[in-house]
């Protein structure tokens, strides 16, 4: 009862704040075509964008017959979903991000502003680099892509996603270290302020996710589950903010979900008990089914984390695509009037995305707990099979 | 296809970020938070159970005091009853004593009265006797002053004798 009591007013506030933010999403994404044209940097697109701008800004039909390349929503959306070496803010303004390359000739660090939004090549002491479709390639002396050298370098740049990730990490550290401090201050007392908003969520993870799946062994896995939950959740939420500190599609990036799934796989495998392994290599079936079932079970070891990986990636990416598609409608129809339909729809979807942000974090954590629970199962429970 | 190809850079940084989070938060956030939560839950549980215990104790005490009250009331009643009985007895006794005393006194008084009466009567009798004798003496003297009357009397007396 108490838990719900604390949670309710805060949840309402949360929803209000994020409904407001979602509305901003809609408005800001309305400026997106500028960004799109910007980074692609073909003359035609810039012109098309200018005409678009004119139609949306001044609603001047005279400009409509300007030399047009069709507005390409899929390009815009995929560009947003993907990673970038700079963080676009508005118009022609973007934050250059550091490029870090691990090359056979040593580590190279330089600013992405040297590429001038991909228009120019940059020559360091060792190689000449160029951005091609947001990927760093090495050019040889004849200004052609040197495939061998390109493959030999490892790009560990601070990209937009990495930057967003680091912001999320900083936020998480700030939030939870201060909450932990609050717990030290109010020993044995009721939670206060931000602590009382975080506490029901922690209790939710502990009582509704960890305990039912892990039983009495839950305490050992709480740090992992809580970290996974809040890490996914905060990145989902940051992704819903349309402007600078958010807006990156971190949790909708396959690399991000892969790492989390990999960690889950490691936790499952390391903690797998006798029951878990015997279930894989000696299932309770007649021996002649082993050649069929053992490979299936081994396959199952990997499908579980892969399912986790794909689920989170697909859900978050789909959310971003949905919001952007709705906003793109305005530019596809080239009519500001469509905004009266598209913007409310976007707000609606954004509010749903808020739920999805929480839900996906919950589902990932829940399934991770479930799989770990299956791995650490005690032998006596298996006896009924 | 690019969408589902994990880039090594993001994998690298996500791994680092996650490891940093799990170690820093695990050590400085989750551990103290979970500990504080379980401690608080324990203290709440303790407080509740002690409250329950106190309530039980209170009921027990209440019962006890009620019992005591009941006993005390019963005792008071018996004491009152006894006192009343005692008082009644005493009153009855006193009444009895007073009655006998009064009876005795009455009897004594009666005896006294009788005695006085007898004495008075005796005195009256003797007085009457004396008076009668004196009167008789006086009468006789008067009667027998002259001789003829004496002779007449003797004659009467003789006559009476004769007749009888």
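Brief remarks on what is shown
- Rounded tilt (10° steps) of B:147-163 against the dominant C-alpha axis of chain B: 70 degrees
- Cα-based helix-to-principal-axis angle, B:31-143 vs chain B, degrees rounded to 10: 0 degrees
- Protection proxy ranking, peptides A:211-223, A:348-360, B:34-46, B:61-73, average beta carbon neighbours within 10 Å, highest first: A:348-360, A:211-223, B:34-46, B:61-73
- Modelled spin labels at residue A:208 and residue A:141, positioned 7 Å past Cα toward Cβ, are 6.7 nm from each other.
- Sorted peptide list for A:198-207, A:142-151, A:246-255, criterion being average Cβ within 10 angstrom, highest first: A:246-255, A:198-207, A:142-151
- The separation of the stretch B:10-44 from the stretch A:148-208, counted between C-alpha centres, amounts to 9 Å.
- The stretch A:312-385, Cα convex hull volume normalised per residue, Å³: 96 Å³
- Peptide A:156-169, shielding by other chains (average Cβ, 10 Å cutoff): 4
- Cα-Cα separations in the stretch B:30-164 greater than 25 Å, expressed as whole percent: 76 percent
- Average partner coverage of A:246-259, which counts Cβ from other chains inside 10 Å: 4
- One Cα centroid belongs to the stretch A:308-385, the other to the stretch A:113-129; the line between them spans 38 Å.
- With R₀ set to 41 Å, the beta-carbon distance separating residue A:170 from residue A:216 gives a calculated FRET efficiency near 0.70.
- Taking every residue in A:81-88 and counting other chain Cβ atoms within 10 Å of its Cβ, the average works out to 1.
- An ellipsoid equivalent to the protein assembly as shown, defined through the eigenvalues of its Cα gyration tensor, has semi-axes of 127, 32, 20 Å when rounded to whole angstrom and sorted largest first.
- Pairs of alpha carbons in the stretch A:120-171 whose separation is greater than 18 Å (percent): 39 percent
- Subtracting the Cα-Cα distance of residue B:38 and residue B:94 from 0.36 nm times their residue separation leaves 12.1 nm of extension gain.
- Using every pair of separate Cα atoms, the Kirkwood estimate puts the hydrodynamic radius of the stretch A:63-202 at 18.8 angstrom.
- Taking only the alpha carbons of the stretch A:193-343, we obtain Rg and Dmax values of 21.2, 69 Å in that order.
- Globularity ratio of the stretch B:1-70, using Cα Rg and 2.2 N^0.38 Å: 2.52
- Globularity index of the stretch A:166-279 is 1.24 (Cα radius of gyration / 2.2 N^0.38 Å, N = number of residues).
- Helix-only CD estimate at 222 nm, as mean residue ellipticity for the protein assembly as shown, using -39500 (n - 2.57) per DSSP H run (n ≥ 4): -25000 deg cm²/dmol
- Counted by neighbouring Cβ atoms within 10 Å, the residues B:128, A:347 run from fewest to most as B:128, A:347.
- When all alpha carbon pairs of the stretch A:183-234 are counted in 5 Å bins from zero, the resulting P(r) reads 4, 19, 25, 21, 20, 11, 1 %.
- Sites residue B:160 and residue B:110, calculated FRET efficiency, Cβ-Cβ separation with R0 51 Å, nearest 0.05: 0.60
All of the numbers you see were taken from the coordinates with simple rules; none came from a lab. Every value quoted in this text rests on a predicted model; they were computed, and no experiment measured them. Positions of Cβ are backbone-derived with ideal geometry, glycine not excepted, and every protein chain shown enters the neighbour counts.
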